[in-house]
Every structure is written in structure tokens, then in C-alpha cells.
Amino acid sequence: MPVEYLSAEQEARYCRFATEPSPGELEQFFRLDAKALELARVKRRPATKLGWAVQWGTVRMLGTFVTEEPAAVPASVVRFVAEQLDVEEERFAEYGTRPQTVYEHTWEIRDVYGYRDFAAGEEELRAFLAARVWSSLEGPRALFDRAVVWLVNNRVLLPGVTTLARMVATVRQEENDRLHAALYEAVPSGLRTEMVRLLEVPEKKRVSELERLRLGPMRVSGKAMEAALERTREVRELGAGAVDVEPVPAARMTGLARYGLTSKAPTLKRLEVTRQTATLLATVRHLETATVDDALDLLHALMATRLLAKAERLGNDAKLKALPQLRRAAKKVAAAVDVLMTTPPATESGEMVSVVDAWSAIERVVPREQLAAALATIAAVVPEEGGDDEAEWRAELVARYGTVRGFIRLLVEVIDFQRRCGPEDRAIPRNYIYTCLNEALAASGLTGPGNEQLRYTPHDFRRIFVTDALRSGLPPHIAARICGHRTVDTTLGYAAIYPEDVINHHRSFIARRRALRPGEEYREPTAQEWQDFLAHFELRKVALGVCARDFGTPCVHEHACIRCPVLRPDPEQMPRLEEIHANLLDRLQEAKEQGWLGEVAAIEASLAAAEQKLAAMRDLAARDTTVHLGMPDLRGVVARIDSEQRNEDAKQQP
């Protein structure tokens, strides 16, 4: 059996003093106890006293006696022992002149202190080494050193270095073979075939299936997450996790897996069949855990970088982009409010300023349409009081649902989410979830109508989640998929449903608005006010359509209807507007020829407004146009049949 695995240092220190012993080693091995002092002092000559004591300490430290070369004992050892015996250390040179004395001393120490030959303790050492090989990943060098320590501690004399090295290698090989055979027998034949197939390189591929499965995700994306979960599913479907490997220590399974993860497929193919099966089994079982860890790490990175962080960044960008628009809108609102603040509430005669007069003053500064647009901008950008300050972030997060849409279902199918229970991880049972929910309700102190403690049900949880999710902007079909339902139509009675939710919110808004407005705005109108209101609609009719200005407000564009943005053009007046448009073109040509540059700008503004109104008229006319599809009209058919019937009746009359 080859013993080349020993290092030069191990061979140099085996059964000999390779270096000077340290002070600690001298105290530990060569400090004579009472019994040793008594046995050494009864010797007749100083040299034999010193030699016997040195032999006693040497066998305690090296596991063997100094029989052939007493001079090889370090001087520090001889000096340390001589001081204890009050003997001159130079007398040790006389020890060994009579070889029989040396052997007699070794026999005496063996008999008195119970030292045994190697043959007597060989089986015990084999059992010790076998246990170490079975339960640890120690190599042959470490096992050799442990064998030496065991022999010294158990007072077994060391054999030759080749004998001990050969025995260590033999025991290690036997135990490894036994472990491989145990794992081989535990693997079903079908699984063996599938695992061996992993060592094959598929057609048009560069690496084996095992090497492909060993390679973790390299990118952070939704597609990479799908691939990572498919990799986890593929490894799990092999079924290596179902094999009973409880008799085999976890450290040995780890060692086999490490070898399988770092070796190439051709190397694994050349292994003996039992070792190959054991290595592949440990590797695949390790991959079952490693692929899940890789998928979860990728999920964490994906959520942190591509979803949460990016959604927050985009939300902040949206806020920053809206700031200039918000600033302009705020200036217009501030100008309108400034008019209200500077306008006295009553005239010099004591008459209260009407709303119409107040609006007239405001529209001289800011047109009503611009003010309405400014208020809409502020309402869209600034959250309501008590609203969600992170609405932009949540909206961006919902908008990025497509990043995770492809692997959400696969995630819950492949990964068994667990919790820590003592020293192991266990699946989260349904009862545990109910217990946590009930404890949370009990801690909140909420009770039902009969003062009983509230209890959560899946129905309540769906209602809470779906309501909040839909209010936050999550599409209903996505919420249904997350809840595991085809639809969320069962929530039609909840606040999550659009019609009821919107109606209630609108009614509450009207109530708040009325509470803030002056009370006189909601009084009963007088007969004159009612007539004025009805006459207002007649006064809004103009040549090109209808003026849509508010009741009681004057025309702010001095009846320049073509330029007015509140004019609602009538498609029937298109010929009139086309005539005006042609007239404007002629006037523009004349102004350019005469050099009336100031007039050119005004005519061009009117011309652009006229073209815009013409486009609006054409759009309205196109909406009302019916396209004939060649299908018979029921009314025409009935009329034709009725006419034919009358003609027939007329012919039959005399």
C-alpha cells in the first residue's frame, strides 16, 4: 500500500525529536512525578538514574523508547531531567554502554505504566480511525496524525512509519467504499439512470446537463428569475431529496457534493460506479438547496434593484418633472386668490359684491379655463390631506408588475416557504397563520357588535387585500391572479368596486364643498334670477355655434368668437366659417402686399383659430355621418311592402 501521502515533516518527527522541546512540553512530559522519582532514584549509578528518567519522558512524548541512539536526545531534555535528580547532565553520555540496561529499563516502564505493543491495540485503533473516516472529511495526513496521538494517549507503542501509514490508508479506503456502497443501495435504479444522464453532453451543446445545472443565474431580470425557478424545478423533479441518507453524516454528504460541484463530467464518468452514484446523489441533493437559495437571492436583488428602488426613483422623477407645472399652476391660483383678498366684500354703498363681479375681477387676471386647469394640476400633483404621500411610488410599482408577472405562479409552485421551528425549518401550516391573525386581532382590542372578539377568515383577507390593491391602482385581473381566483367579482359589494366607491367619494366631496361655500349660494332663486338664467342660454347663441361661457359672465374676448376657446362650433355653419376663412386669407395676402406687419400677426392668429374651428366642425360632422353597409333597412322594407300591398288592393277594386 503506498504511503507517499505523508509529508517530509511528518516523516521527520515520527518517533524522534525533530526539534528542541518547548518549555511547555518539558513540563508536560518530562516533569517526574513521585512514582517516577522513586523508581529513578533506586537505580545504582547516576547514568542509569538519568537514562531511566529520560526513557520515561520520551515514551510519554513520542510513544516509543530511545534504544539505539541515546545521544539523539536533545540536551535541553537531559538538563531538565538532571536538575530534578541532582545528577550532572554529562553523565548521560555513559548511558547505553551496556545495551542490556537500556532494554531492561524499557521493559520495566512498560510493565509499571501499562504500555502495550502495537499488535495489542491495533483493533482499537482501527475502530477509532473508521469512526473518524465515516463522520469527518479528514484527509490521510490528518488521520495519520490523529492515529499517532491516539497511540500515545492510550499507551500503545508506535509501530514503524510504513506500517501505520499503510493501516491508515487501508481503513480510509474501506470506510469510503462502505459509505459509497450504502448510498448506492439507497438510490433507486431509475434515479441512478437519470443522474448518469446528467453527465452526457446534449446535441449542439458545449457542456453537460450537470454542469448546466451547477451554473447559477448571471443576470438580474424577470427572465433570469424564470430560468432560476425552472432550474430549481428541474433539479427537484429528479427526486434525489426523497432518498433516505440519514445514516450518512452530513459532513460526508457535503464532501461528496463539493467534489461533484467542482469536477468536470469526464472525471465523474471515470469514477467507480458506487462512488459515482454517491457523488451524483450528494451533488443533486445539494443543488436542490442551492438552486432555491440562488432563486431567493435573485428575487431579493430583483425586488431591490428593478422594482422597489426603480419604482421609488421613477416616482421621485415624476415629482420633479411635475414641479415646473405645479409652480405655474400655483402662480395662477395665487393671482386669483390675491384678487379675492384685495377685493372689498362690499361696495361703497354697502351692497355686497356678487359672485359674478368677483369672477369678473378674477378673469381679468386669470381666465376661468386656465384657473380650472391650474386647480386640476394641483389636485393631480399634491395629495389630499391625510392621503398617501407615496402614491407616485406605489403607482410606479404597480406599473412594473410586468417584471414579476412571468414568475409569480412559478415562484409559489416551486419554493416551499417555511419558518424556523427550533433547530429546523418547517412549512408554514394554515392553522399557524390563523393563530397569528387571531392574536393580532386580540392585541388590537377590536370587537364585534356583540362585544365578541373578531376572527379573520379567508373571505375577510381577500376583501381587505383586494380593496386596498384596487384602490392603489392594481388591475383587477392581476389581483384575481394573486388571490388565486379567476375573477374578483365576489367583491361587488365592497368599497373596492368602482361605481359604489366613486359615487360615495363624489357625494362626500360635494358635502365638504357645500360646507366650505357661503350659505347664500344655496338659497332659492328669485323669479327674476330664474328668468335671467333662462335668458342666458338664448344669449349664448352666435353665428358659428354656441358660446359655452358660464352663467352671469361677460364675454372676455370682446365677441371675437373665432379666437374664443369656449365656442362650440355648429357643423351646419361650416359654409359660413369657410367663407370667413377665405376672407381671412385674402386679408392676409393684402396685408403682406401693403406691408401692414402689425395686421399680419392679428390675421394669422384669427386664421389659425378658424382652421382649428373648421377641423372641429369636420370632426363633429364625421361623428354624425352614417356609413351604409349595404344591409337592408327594416323601415324601408316595411314601407315598400306596404306600398306594394296598396297597389295590389287598388288593382282589385272595380
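FYI, it's all coordinate maths here, none of it is from the lab. As the structure is a prediction and not an experimental result, all values here were calculated from the model. In this analysis, Cβ positions are derived from the backbone assuming ideal geometry, glycine residues included, and neighbour counts consider all displayed protein chains.
Enter the per residue convex hull volume of segment 182-312, computed from alpha-carbon coordinates, in Å³ rounded to the nearest integer.
Once divided by residue count, the hull of segment 182-312 is 114 Å³.
Exposure proxy check: Met253, Met352, Met61 ranked by fewest other beta carbons within 10 Å?
Starting with the residue having the fewest Cβ neighbours, the order is Met352, Met61, Met253.
Which of the residue pairs Lys205/Lys264; Lys223/Lys321; Lys592/Lys613 have a Cα-Cα distance greater than 20 Å in the structure shown?
Violating the 20 Å Cα-Cα cut-off are Lys223/Lys321; Lys592/Lys613.
Pop the C-beta distance of Ala548 and Phe465 into the FRET formula with R0 = 51 Å and round what comes out to the nearest 0.05.
Efficiency, from the Cβ-Cβ distance: 0.70.
What's the FRET efficiency of Ala127 with Gln10 using the Cβ-Cβ distance as r and R₀ = 22 Å, to the nearest 0.05?
Computed FRET efficiency for Ala127 and Gln10: 0.45.
Let a ≥ b ≥ c be the square roots of the eigenvalues of the Cα gyration tensor of segment 8-182; is it rounded (a/c under 1.5), or, if not, prolate (a/b larger than b/c) or oblate?
Verdict is prolate for segment 8-182.
Counting only residues 5 or more places away or on other chains, whose amide H sits under 5 Å from the amide H of Leu567 once H atoms are built in the peptide plane?
Sorted by chain and number, the residues that satisfy this are Ala548.
Could you check the simple spin-label distance between Glu237 and Leu320, using points 7 Å along Cα→Cβ, in nm with one decimal?
Between Glu237 and Leu320, the label points sit 4.6 nm apart.
Among His485, His477, His581, His105, rank each residue by its count of other Cβ atoms within 10 Å, from fewest to most, as a rough exposure measure.
Taking fewest neighbouring Cβ atoms as first place, the list is His477, His485, His581, His105.
Hey, any idea what Rg/Rh is for segment 541-624, computing Rh the Kirkwood way over Cα pairs?
1.02
Quick check: pseudo-label points 7 Å beyond the Cα along Cα→Cβ at Val201 and Arg368, how many nm apart are they?
8.1
Sorted from largest to smallest, which semi-axis lengths in Å does the alpha carbon gyration tensor of segment 198-266 give for its equivalent ellipsoid, taking the root of 5 times each eigenvalue?
Taking √(5λ) for each Cα gyration eigenvalue gives 24, 17, 12 Å.
With charges set only on the Cβ (+1 for Lys and Arg, -1 for Asp and Glu), what does the dipole of segment 541-624 come to about its Cα centre, in debye to the nearest 20?
280
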